[in-house]
Amino acid sequence: MASSSISSGALVTLQELNSSSPQFRQGASLRVTGKLQDYNVETAIATIVDGSASLKIDTQHLSLNLRVGSFYQFIGELHIQQPNNEGVLKARVGRNVDGIDLNLYNQSLQLLREFQADQINARTS
Amino acid sequence: MEVLYNTHVKLLAFDFLSLTPIPSDPTSFSRKGTPLSRAETLGIITTRELKSGKFLKFTVDDGTGCIPCILWLNQLNSPYFSRRNPSDVRLISSVSADFASIIKLGLVARVRGRITAYRGTIQLTVSTVIIERDPNIEILHWLECIKLARRFYDVVPSRK
């Protein structure tokens, strides 16, 4: 896309975002969803969880009211910090998604990926 | 399929961005051979650039790509509108200004408009903006786009 200087946040689940996944790249633009487990007001680092997976989010550029226990969605770029290869998403936008059906969301995400793959295959064949 | 030409076709961003211009008609864009002129997108507003009195440019990110949108705000000064009934022009201008005021970063918007191209980049020239608050609305939009594509938009009618 010539005119847009920002990238689309690729949809990923927190479970998929481990150090061995192809999405786990420095600077990758991602969209993540999860429940706020804790929030450090001084560092503005929030931790969101989805099942057993978690991710740190740098929320310093957001003017979002963060409440522990609520569900949030963030779009931003992944920064991988050394030495422990830990990912932190530097969020550009965030929103409260309390009421989201996460099961349906994850299922729909799979359907969306299948659809995209089918469409792209159809174009090249 | 003429029926799709006058409707706001629900397209995922990756699909929208692959539309190709039809050389003989600047208002038409082809999706696998089917001519379209209008589309609907739904996603998170991730950029916002206001040129006061002229336009508001913004981006809608639906998870599959980013659709550039342009909302014109220049109706009162534009020669294009100078021959129209002034009270109509004021109304259009007022509605556009209202849309501009509700578009904010991080909100989910349903945007409808005409498919246009600017310097080779495909974009949406906005006619309607609705801010959506339901957290499950994006899921619904994805599923609707998939269903409509598979059952309707992809189905090429046989020539008679």
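The values are calculated or read from the model by the stated rules, or taken from the named source; none is laboratory data. Everything numeric in this text was worked out from a predicted model, so none of it was measured. Cβ sites come from the backbone with ideal geometry, for glycine too, and all protein chains shown count toward neighbours. Remember, those area values only see protein heavy atoms, side chains included, never the ligands or the DNA or RNA. Shrake-Rupley method; radii C 1.70, N 1.55, O 1.52, S 1.80 Å.
Here A:VAL68, A:VAL88 are screened, and the one residue that is β-branched (Val, Ile, Thr), at pLDDT 95 or above and open to solvent by 70 Å² or more (accessible area, probe 1.4 Å) is A:VAL68. Within region B:118-135, the presence of at least one residue that is within 17 Å of A:ARG95 (Cβ to Cβ), touching a Gly at 6+ places or on another chain (Cβ under 8 Å) and at pLDDT 95 or above is confirmed.
Give region B:121-135 a look and list any residue that's open to solvent by less than 40 Å² (accessible area, probe 1.4 Å) and either under 8 Å from B:VAL111 (Cβ atoms) or not in a strand (DSSP E or B) (or both), or say none. Within region B:121-135, B:LEU124, B:VAL126, B:VAL129, B:PRO135 meet the criteria. Residue count for region A:67-102 under the criterion of being over 16 Å from the mean Cα position of the chain (by Cα) and either away from chain B (no Cβ under 11 Å) or part of a helix (DSSP H, G or I) (or both): the result is 8. Residue count for region B:55-83, restricted to those that are of a type in the set (Ser, Thr, Tyr) and facing another protein chain (nearest Cβ under 8 Å): 2. The number of residues in region A:20-38 being open to solvent by 80 Å² or more (accessible area, probe 1.4 Å) and either touching a helix residue (DSSP H, G or I) at 6+ places or on another chain (Cβ under 7 Å) or in contact (Cβ under 8 Å) with a residue 24 or more places away in the chain (or both) comes to 4. Filtering region A:45-66 to residues that are touching a residue at least 24 places away in the same chain (Cβ under 8 Å) and not in a loop (DSSP other than H, G, I, E, B) leaves A:ILE45, A:ALA46, A:ILE48, A:VAL49, A:ASP50, A:ALA53, A:SER54, A:LEU55, A:LYS56, A:ILE57, A:ASP58. Of the numbered criteria (1) touching a residue at least 24 places away in the same chain (Cβ under 8 Å); (2) more than 16 Å from B:LEU36 (Cα to Cα); (3) out of contact with any helix residue (DSSP H, G or I) (no Cβ under 9 Å at 6 or more places or on another chain); (4) away from every other protein chain (no Cβ under 11 Å), the one B:THR125 fails is (2). For the criterion of being part of a loop (DSSP other than H, G, I, E, B) and open to solvent by 30 Å² or more (accessible area, probe 1.4 Å), A:THR13 fails. On the basis of being more than 13 Å from chain B (Cβ to nearest Cβ), open to solvent by less than 10 Å² (accessible area, probe 1.4 Å), over 28 Å from B:ILE67 (Cα atoms) and out of contact with any His (no Cβ under 9 Å at 6 or more places or on another chain), does A:ALA46 make the cut? The answer is yes for A:ALA46. Of all residues in region B:136-160, those that are modelled with pLDDT under 95, open to solvent by less than 60 Å² (accessible area, probe 1.4 Å) and in a loop (DSSP other than H, G, I, E, B) total 1.
Of all the listed residues (A:SER21, A:SER29, A:SER54, A:SER108), the sole one being at pLDDT below 95 and not hydrophobic (A, V, I, L, M, F, W, C) is A:SER21.
Just to be sure, is A:ASN103 in contact (Cβ under 8 Å) with a residue 60 or more places away in the chain and either within 16 Å of B:CYS145 (Cβ to Cβ) or surrounded by fewer than 19 Cβ atoms within 10 Å (Cβ to Cβ) (or both)? Answer is no for this residue.
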